[in-house]
Structures are given as structure tokens and as C-alpha cells.
Amino acid sequence: FPPSARVDGEDLLIGGCSLRAIAERFGTPAFVVDEGSLRERAREYRTAMTSRYPRAAVCFAVKSFPSVSMIRVLVSEGLGCDVVGAGELRMALAAGADPATVVMHGNAKSNADIAAALDAGIGYIVVDGFDDIDRIERLAGPGAAVPVLLRVSPGIDAHTHQAMATGGSASKFGVSVDQAPAAISRIRAGGVADLRGLHAHIGSQITSLAQFEAEVAALAALGERFDVYNLGGGLGVRYEKADTTPTIAEYAQALVDAVRRHLGGGVEVIVEPGRSLVAPMAVTVYRVVTVKRNARTHVAVDGGMGDNLEHSLYGQCFSPAVIGRWDGPAQLADLVGRHCESGDVITPDVPLADPRIGDLIAVPVTGAYCFTMGNNYNAALRPPVIYCADGAARLGVRRETLDDLLAREMPVNGA
Ligand code: LLP
């Protein structure tokens, strides 16, 4: 549970706010953010980097929680933003991010994405391939000096779920190490983009620091020294009790050591954490709808795949708790959702203390990519986001309504 979580009799407080009261007031399912701890973690990230290496910047990977209030909190703590495309850029700007601190990614940026980046005058566009260079040149025109980084896929097969490994030689992201020299020459020959440095991101939920060191070494092995190195995100978090993962300080130390060893000291270093910044800072609160005991025990709640795809897509498991049944005997059950497929599992085979209809179940470490990949499967209404700090619960994103579901419909055939 997030750092401020406290048991209060049969209730759990987050940021001093009662989860039972939140469930009453805002309904379930709901994403509940520990705002004070989130702010502290943002400061911890910045300090971990800049105290060891002053020319460092931390950009929040907006994809991990693309909501204006979330971005606003992190920007107000001094973070920049990593955005993919015009949509996330729009959110970052709406949250008040300084365009100079924004980096835009995307393996398939449209003309509209690049035009939006040029329009806003963002810090760097990350060139993902040769077509990006053509597009930037066409849209920006001669003499524009658009600051860019080149994304290199460093040929590291990160030890994580295959869908989240992005730095291997067969990756769709960036240019391979072999093609990097040609891409560098091509950018310079065009005379429109100003190549300031390199970018790499090897994957997500990575728990071995050696892999980040290998990433820096691979960029250094390209030979030329650039002014800027953006090392992406990727640090893993602890989802289950048995998981182990480096601390932010250990991660920062490993990166800084690798930068000094392989690149020398003077370069600017950017990191783009998503998961490790926000995942532990939010929980999802559900209500138990039904408990079925047959060959397995299924505890079904009022959300599921519509608000958490982590298990169905990556096999990720969580450590949920039945609110108020702190010491009761626990039985193994499958915590499942309300959607009509068997893959709609939040976590299989997990100990749950005597869950009954109407109980609240909180699933911790759902602050990254759950809100992001929320969807309307079975016309489910996407949950609200509630920020809790100092005993006050504030609504950052309202729950969808049935009218929202119909809002984009343009009935044809006389419907
Ligand atoms: N930078 C780049 C270029 C990225 O592609 C990503 C994540 C990040 C930074 C942030 O990585 P993080 O610190 O969050 O690991 N949908 C998956 C996660 C995919 C991550 C994609 N890229 C999930 O639900 O787990």
C-alpha cells in the first residue's frame, strides 16, 4: 500500500482519507492516489539524480498516467514530461508543463504529431527513424534548427515480459546500432534538425541494474560523444511481497556510475520514469459483487479488465486486501472482474480473507498503466481518479456516465 496508508479499525486511510468514505462518495471502482507520497516520490527521484549528477533531468512518462491532475502534480515538483504524440502533448500543456521540458516520442509519429511538437516549441523531438527526419524537414523548413535526439535500439534483450522489452535488435523502436551512423549523417545532411544527443529505452519493469549499465555502454560504443543522453525509463516496482527491485537511489547511482565510466562527466542525462514513479502511489478500490465456490473460488468485483489489463496482457499479479478483514483467515481465490471472458482476472490464486458481497477490496500498486489502458469493454464506465492528501479527497477525473458512452454515437439507419 502507498506510504501514507494506515489501518483505522475496519477502515484504511490513504492521505488521511477513509477508503470506505471514498467508496460511498465516489462509488467503485475508483483509482485512489496518495498525493502527498506521490509528491515525495517525485522529489526523491529528482534528488536521487541531481544530488549525484547535477546535469540531470527527470521527465514523467505521461503514458503511465495520462491525466492532467497527475501531470500537474509532477510538473509542480519540477519534472518535465515525456509524451507520445499530439494527444499526450496536449495533456502536458493543459497541465502547465513548460514546453522546453517536454520530449516527444513515437515510433509512428504522424504529421499532426510533429506539427504539434513544432508549434509548441518542445525541448526535443526524438527521431525514431528515417521517415521522422523527412517529416521534420518538410514541416519545419530550412534553417529551423529543431532540437532532436536519435532513438537507438541498443540490442539489449531486457529481462522482462516480451511485450515490454523495447531495446532488442528486432525492436520496432528507434534505429539499430548498425543503422545509427547513417541516421546521424542523414540528420546532419538535412540541415533542419539539430542533433543534440541520443535516446534509448530498453523496456519496462526491469529489476536488474546491469541492464541499464549495458544500455549506457551500448550508446557509448557508438563512438561519438553527444551533449545529451536520454536513458528512458524502465525501473521495476514491487507488485507482490516476494518481488525485489532496486531503490530509486540505487538506480540513480548505477546510471550515474555508468555515465561517468562510459561517457565522461559533462553530458546532460535525462531519465523518463513512469511505473517506478506512480505505480506504488495509487490503489484501485472495488466492491465485491459475488463469491462463487466451485472447482475454484471466484471473487468477482465491479471492475476488472476495463480498468486493469496487467494480468491479461502481461501476467502481472497483485496483492489485494479485503478492507477491514485484516487478521481473518485467508483462503486462496481468483480475484476476477465483471467482464465476459475468462481472461478477465485481476490476480489468480491469491489469499483473500473471507470476502463477502459488499466488501471493499483494495488492489495496491495500480498507479501505472491501469488508468491508462482503461476501456469500455462491456460498456463499462471508466472509473474516477481521486487525489487524497491531508485528509481531503479531491476528484481529479470523474467517472464516465452512460451519457458519455452515447456521446460519440452518430446513429445511422434511423436509430
Ligand atoms: N520512455 C519510453 C520511451 C517508453 O516507451 C516508456 C514506456 C517509458 C519511458 C516509461 O517506462 P516505465 O518507467 O514506465 O517502465 N503498457 C505496459 C507498459 C509499457 C511501457 C511502455 N513504455 C504496462 O501496462 O505494463
Might you check whether a residue that is outside any helix (DSSP H, G or I), aliphatic (A, V, I, L, M) and in the same structural domain as residue 151 (by TED's automatic domain parsing) occurs anywhere in the stretch 173-183? yes
With a cut-off of at least 2 residues that are in contact with a Pro (Cβ under 9 Å, 6 or more places away or on another chain), within 14 Å of the ligand (Cβ to nearest atom) and of a type outside the set (Phe, Trp, Tyr), name the strands (runs of 3 or more DSSP E) lying wholly within the stretch 269-362. 282-293
Per the filter on the stretch 94-131, residues more than 16 Å from the ligand (Cβ to nearest atom) and either crowded, with 20+ Cβ neighbours inside 10 Å or of a type in the set (Gly, Ala, Ser) (or both) are 94, 95, 96, 100, 110, 112, 114, 115, 116, 120, 121
Lone unmet requirement of (1) more than 22 Å from residue 67 (Cβ to Cβ); (2) away from the ligand (no atom under 16 Å from the Cβ) for residue 400: (1)
If you check 153, 110, which single one turns out to be within 25 Å of residue 235 (Cα to Cα) and among the small types (Gly, Ala, Ser)? 153
Regarding residue 226, is this residue among the aromatic types (Phe, Trp, Tyr), crowded, with 17+ Cβ neighbours inside 10 Å and assigned to a loop (DSSP other than H, G, I, E, B)? yes
Please enumerate the residues belonging to the stretch 43-67 that are surrounded by 18 or more Cβ atoms within 10 Å (Cβ to Cβ) and more than 16 Å from the ligand (Cβ to nearest atom). 53
Would you check if there is a residue in the stretch 201-219 being within 15 Å of the ligand (Cβ to nearest atom) and assigned to a strand (DSSP E or B)? yes
Looking at the stretch 250-261, is at least one residue in a loop (DSSP other than H, G, I, E, B) and either assigned by TED's automatic domain parsing to the domain that holds residue 370 or more than 13 Å from the ligand (Cβ to nearest atom) (or both)? no
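The values are calculated or read from the model by the stated rules, or taken from the named source; none is laboratory data. What you see is a predicted model, and the numbers here were worked out from it, not measured in a lab. Neighbour counts run over all protein chains shown; Cβ positions are idealised from the backbone, glycine included.
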